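The values are calculated or read from the model by the stated rules, or taken from the named source; none is laboratory data. Remember, it's a predicted structure, so these values are computed and weren't measured experimentally. FYI the Cβ positions are ideal-geometry reconstructions off the backbone, even for glycines, and counts take in every protein chain you see. For accessibility, only protein heavy atoms count, side chains too; no ligands or nucleic acids. Shrake-Rupley method; radii C 1.70, N 1.55, O 1.52, S 1.80 Å.
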Amino acid sequence: MATCYAASRAGVLVVSGVGESDAGSDEARAVESAGPTLTDHDVECLDAASDAPQRAFCGTFDAGLYRTTDGGASWTRVGSAALPESVTSVTVSPRDPDVVYAGTEPSAVYRSTDGGDTWTELAELTDLPSAPEWSFPPRPDTHHVRWIEVDPADPAHLYVAVEAGALIQTHDGGDTWEERSPTTRRDTHSMAIHPGAPDRVRAAAGDGYAESDDGGRSWTFPQEGLKHRYCWSVAIDPGDPDRVLLTAAASARRAHAPERAASYLYRRDGSESDGDTAWERLDGTGVPTGEGVLRPTLASGTDAGELFALTDRGLYRTTDGGDAFKQIDAAWPDSFRERTTRGLAIV
């Protein structure tokens, strides 16, 4: 049984009981949904951890970071003394649910070691030589941290994606930052690492897909079969570190703008060294794709073959690695339609 925290620009919905069913019945009969909440704010990001499933964090662009400790029934702002109003990414450490990272606009990274009660800024990102080149095109005078990924094998190793301009790393918990590698993408949106293969890093970026087999020291760009190169969300099959799902569109406008939307779902098995690694477009598998569809947000489940896709039309689950998705029969708010999804956490 899983609980899904689903974030949209329009708020946060909590769907519980996913996967719980009586023998011979449809899983949707056991599902309950609550919310939406935080509807008065411009929701930007969300994360939670299975080790503390009642606690989740939601970043907003207009009012800082919020925390729930009751499974999403209520939210309280945290870190107001330290964090700016624009919190653009949040990540709970896979090693310790009390360790939480928040990324902001302007670009900075903060850490809490007490479950969000107090926050400390890590070393200045903008001290890096490439920082003057960072710029977010819709607001070219600024930039922000879009994603923070914690190495599941080394909690001091963080990957931080600045939108737009850099994918940088730290190996000492944020005391120092490494300049971007010349082989990284410049517009990384999301990342995924399978805990059983911590050196293999997958990245979905506005300038294409990328992956590393050596813990981020070097990157390759397997694109065969990937007809759409504006990539937004990436997830890995919990039972197969070689199986990757990716959402992509032809451009940012096609991914984010309802009046021009056309987004697609892709799957790839294997690594660059395996030879046959072409991307397969997953049309007709149960998740809406194509014209009129805003880019989905993906998340891995807990069991082999289990992955989730969140769209403005609903929440979808596969238990066979993407061959077939079923829509979860949760009450879906009208306010979520034609609004981009902002985060999905499965606990």
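Quick check: anything in the range 234-249 open to solvent by less than 40 Å² (accessible area, probe 1.4 Å), out of contact with any Leu (no Cβ under 8 Å at 6 or more places or on another chain) and at pLDDT below 95? No, the range 234-249 contains no residue that is open to solvent by less than 40 Å² (accessible area, probe 1.4 Å), out of contact with any Leu (no Cβ under 8 Å at 6 or more places or on another chain) and at pLDDT below 95.
Residues checked against (1) touching a helix residue (DSSP H, G or I) at 6+ places or on another chain (Cβ under 6 Å); (2) loosely packed, with under 15 Cβ neighbours inside 10 Å; (3) more than 25 Å from ARG9 (Cβ to Cβ):
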| residue | (1), (2), (3) |
| --- | --- |
| SER251 | no, yes, no |
| ASP269 | no, no, yes |
| VAL287 | no, no, no |
| PRO296 | no, no, no |
| GLY301 | no, no, no |
| GLU306 | no, no, yes |
| THR311 | no, no, no |
| ASP329 | yes, no, no |
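Take SER263 and tell me if it is free of Cβ contacts under 8 Å to residues at least 40 places away in the same chain and surrounded by fewer than 22 Cβ atoms within 10 Å (Cβ to Cβ). No; evaluated as a whole, the condition is false for this residue.
To keep it simple, each residue is scored yes or no on (1) within 17 Å of TYR230 (Cβ to Cβ); (2) modelled with pLDDT of 95 or more; (3) out of contact with any Lys or Arg (no Cβ under 6 Å at 6 or more places or on another chain).
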residue	(1), (2), (3)
ALA255	yes, yes, no
ALA299	no, yes, yes
ALA304	no, yes, yes
PHE308	no, yes, no
LEU315	no, yes, yes
THR319	no, yes, yes
ASP323	no, yes, yes
ALA330	no, no, yes
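Within the range 109-155, the residues that satisfy the criterion of being surrounded by 18 or more Cβ atoms within 10 Å (Cβ to Cβ) and in a strand (DSSP E or B) are VAL109, TYR110, ARG111, SER112, PHE136, HIS144, VAL145, ARG146, TRP147, ILE148, GLU149, VAL150.
Looking at ASP42, ASP26, just one residue is modelled with pLDDT of 95 or more and open to solvent by 30 Å² or more (accessible area, probe 1.4 Å), and that residue is ASP42.
Scanning the range 303-339 for residues that are of a type in the set (A, V, I, L, M, F, W, C) and closer than 17 Å to VAL234 by Cβ yields LEU307, PHE308, ALA309, LEU310, PHE325. Here ARG337, ARG281 are screened, and the one residue that is in contact with a Gly (Cβ under 8 Å, 6 or more places away or on another chain) and surrounded by 14 or more Cβ atoms within 10 Å (Cβ to Cβ) is ARG281. Checked against (1) in contact (Cβ under 8 Å) with a residue 40 or more places away in the chain; (2) open to solvent by less than 20 Å² (accessible area, probe 1.4 Å), ALA63 meets all criteria but (1).
Selection of the range 222-243 for residues being under 24 Å from GLY196 (Cβ atoms) and either acidic (Asp, Glu) or over 20 Å from the mean Cα position of the chain (by Cα) (or both) yields PRO222, ASP237, ASP240, ASP242.
Here ASP172 passes the criteria (1) part of a loop (DSSP other than H, G, I, E, B); (2) touching a Cys at 6+ places or on another chain (Cβ under 9 Å) except the one numbered (2). When the range 156-207 is limited to residues that are surrounded by fewer than 19 Cβ atoms within 10 Å (Cβ to Cβ) and under 19 Å from ARG267 (Cα atoms), the one that is modelled with the lowest pLDDT turns out to be ASP207. Put simply, of ALA197, ALA156, ALA166 the only residue that is on the phi < 0 side of the Ramachandran plot and in contact (Cβ under 8 Å) with a residue 40 or more places away in the chain is ALA197. Taking the range 313-327, which residues are buried (at least 20 other Cβ atoms within 10 Å of the Cβ) and of a type in the set (A, V, I, L, M, F, W, C)? Answer for the range 313-327, where residues must be buried (at least 20 other Cβ atoms within 10 Å of the Cβ) and of a type in the set (A, V, I, L, M, F, W, C): LEU315, PHE325. Please work out if THR88 is open to solvent by less than 70 Å² (accessible area, probe 1.4 Å), at pLDDT 95 or above and of a type in the set (S, T, N, Q). For THR88, the condition - open to solvent by less than 70 Å² (accessible area, probe 1.4 Å), at pLDDT 95 or above and of a type in the set (S, T, N, Q) - is met.
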